[in-house]
Structures are given as C-alpha cells and as structure tokens.
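As structure tokens, the structure follows; a few thoughts come after it.
Each reported figure results from applying straightforward, stated rules to the coordinates on display, with no laboratory input. Because the structure is predicted, anything quoted here is derived from the model rather than measured. Every residue, glycine among them, receives a Cβ derived from its backbone with ideal geometry; neighbour counts consider all protein chains shown.
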Amino acid sequence: MASPSLSELYTHFSRAAARGDARAARASFYQLIGLRPRAPEEAPPAALPTALPARTASLLRYFQPRLIDRHALLGGARQVVKFEDLSLTEAAALARELGQRGLKVVRTGPYSKRFDVTTTAEASARPLYNVIASWGTQAEQVAEAEQERSLEGARRAGLALGYPACCVEHFVEVERRARATRDSVNELALRSPRGQGQDAPWPSHLLSNLSPIGFVPCSLGCPEALGFAARVLGAVEQRAPEGRQLIERALRRPLLFFRYPLFYALDGVATEREGARGVRYAAALPNDDGLGTPPALRALAHDELGRVLAAGDELTLDAGALSVYAQGALLARWEVERPGVPLLLRFTDAPAACRR
Ligand SMILES: [Zn+2]
C-alpha cells in the first residue's frame, strides 16, 4: 500500500484528536514528523495534552505584510511585489498607502488556507487577500497570469515578479508535483531546493517573514537567488540600517524543521557530536504562524518534543536519530522513521555579494 499523503496524515490526526483518541492522535503525530515514538505504544497517554508552549517565535506570519518586501519596493530594489495572505483590513490599508505613493496596485482574493495543507476539510474561516504593487504595469500582469491557475500561469507570474528564471522553472516543477500528489505546495517547495541537509548561506533562509527571498530558489546556493537577496538587503540597509542587522540575527538561528507549520527556532550555535550535525542552544521556541495551526497539534508537539527540547541544551540529528542532551548527558533519543522529514537547518555567512 502506498504511504498516506501529507493531507491524509493531517486528516487522520484531526479526526483522532476530535474524538479524543489519544493513542491514534499520537501515532499520527509521529507519522507526520517522521520519528518513532520513544515510549512503547502499549502504554498510550490517557488523554490528549492541552497545554500550549508559554513562549513561541513568530517566524512565518500570516495576516501581516512582509516589511522587507515593502522596503525592497519603496527602495527601488524590486519593481513589483506580491504581498500574500493578508486580512481584508491589512490589504485595504496597504493598497491605499502604496497607491498614494504612486504605485500601481491590484488586490486579489478572497481565498482561504488551512495552515497550508491542501485539503477541503476545515478551511480557515478567515478570508485572505493578496496585494500586488508595482512601479510599472507588472502588477496587472502578475494578477492576470495567476488567474489562469495553470502551470503556464505560475511561470508567467513568477517571471513578471522578477524572480530568476532558473528558480521559476524549479517552482513550476514543484507545483506540478504538488498537483499530482495532492501534497501541500509549500511543504514540497520548502524541501525542494538543492543543497538541503547542508549548511546554507543565511540569506537563503525561507522560513521567516524577514527572509529576503520570498520565492523558492532552485538551490540554497543559487547565485541568482542570492543576488536577488543582496539587492533586497541593500534596500533595507539604506532605509533602515538597524533592520538589516536584526534580519541577519533572526535568520542565523538554526531551525529544527518537521513540517511547514511545525518547526523550532534554536538560539544557538552549530556543533558536531559523534559525527552528527548538531546545535548547542539556550532556547528552542516553536514557530507560531498566527493562522491557527490546530491547538491539538501544537499541544501534542509541545508535550512530546517541546518539553524535552526545553529541558536540553544540545541536540543532534542524523539519518538514524534525533538526540537531545543536557550538559553533555543524553536526555532523549527518537529513531528517525522517515529520513529526510526532520531536518536540521543551519546557516552560515552570506556570500560576499550579500555582505555589508
Ligand atoms: Zn535559481
């Protein structure tokens, strides 16, 4: 039997959580994150945990315009920008402001998302909008191309947005695969650039509203994509010098990534231990996307992973296991069930073009 698609796994989880089946919910959760549960399944949890983490990190946020793109546009580093996933109020305010500055503005929507899994179930009740703004006529071209909802439309929109051709072609392939497998395009896209699993230059960090690259690069070292990032960072530096430093600090933090809405930002530095890539850290904070990843999923992640990460100060991940240590002693180890699902993303210096 073929392994279940990601949207099926989320649906299994949601159904188990809704009927209060702690054993099934926990089993689905571990399938989702690609690890084997530590405790034997014969001793299932009595009830679903409900406690949420006290502290979170807001990396990917819905409903807020990406300020970095606004700087890039107003600073002239980009001719056209698409601001995605905005509330009606935010979209209206942004469209008004950019229009007053003399930009061509097109608003599209409404649409809805369920923490980015392609499924008809439990669609978000909160309608979302895009604002596309350009100095020339590109905003209309992008909106028109996207209306097609075809691969060719995605290609034309990407090129009209000024993204590098190599990265646009790469994204069209990802989109084709997403349509074929019914998996979330964002999930596939994030895992798709070449060079995954190796340390990458920090401007290629894709999991934050502060990321200078707002598209999916063909590789984490793509010179075209990093050149694009350098132009955006240059515009930020001109308009808000302290913003450039803040972005670098935020994007240098390593990430322990499981799924698109489910990952941890680590305040720490790269280490090696017994040949495995690792991070020594002072804090491990879960991302909060602000869109409403189901509380049951966040609570279970906190109970199974978050608490252990909080008690530790170092972790390692290789093809075989995720291990958490406290003061050099092993605290917990999960065997990796699906290699490539959990990822440890570590970031290095920017190439010369992206430096100050
Ligand atoms: Zn590229």
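Observations on the model:
- Net length gained if the chain between W135 and R15 were fully extended (0.36 nm per residue, minus Cα distance): 38.5 nm
- Per-residue Karplus couplings for the range 264-276, computed as 6.51 cos²θ - 1.76 cosθ + 1.60 with θ equal to phi - 60°, are listed in order as 10, 8, 10, 7, x, 10, 5, 9, 10, 8, 6, x, 9 Hz, Gly and Pro entered as x.
- In this calculation the C-beta distance from E224 to L67 is compared with R0 = 30 Å, giving a FRET efficiency of 0.80.
- Relative contact order (%) - the range 67-251, alpha-carbon pairs under 8 angstrom, separation at least six: 23 percent
- Straightening the chain between R23 and A319 buys 103.9 nm, computed as 0.36 nm per residue apart minus the Cα-Cα spacing.
- Computed helical MRE - 222 nm, the chain, DSSP H runs ≥ 4 contributing -39500 (n - 2.57), nearest 500: -11000 deg cm²/dmol
- The 3J(HN,Hα) values that the Karplus relation (6.51, -1.76, 1.60; θ = phi - 60°) gives for the range 191-204 are, in residue order, 8, 7, x, 5, x, 5, x, 10, 4, 10, x, 4, x, 8 Hz. Gly and Pro appear as x.
- For the range 161-194 versus the range 206-226, the gap between their alpha-carbon centres in whole angstrom: 13 Å
- Taking every alpha-carbon pair under 8 Å whose residues sit at least 6 apart, the chain reaches a relative contact order of 21 percent.
- Taking 0.36 nm per residue of separation and subtracting the Cα-Cα distance, full extension of the segment from A352 to K104 would add 85.9 nm.
- A Förster radius of 51 Å, combined with the Cβ-Cβ distance separating T50 from A165, puts the computed FRET efficiency at roughly 0.60.
- Packing, taken as the mean count of other beta carbons within 10 Å per residue, orders the peptides 225-234, 246-255 from highest to lowest as 225-234, 246-255.
- Taken one residue at a time, the phi angles of the range 300-307 give Karplus couplings (6.51, -1.76, 1.60, θ = phi - 60°) of 5, 4, 5, 5, 7, 10, x, 4 Hz. Gly and Pro are set to x.
- In this structure the amide hydrogen of R253, modeled in the peptide plane, comes within under 5 Å of no amide hydrogen from residues 5 or more places off or on another chain.
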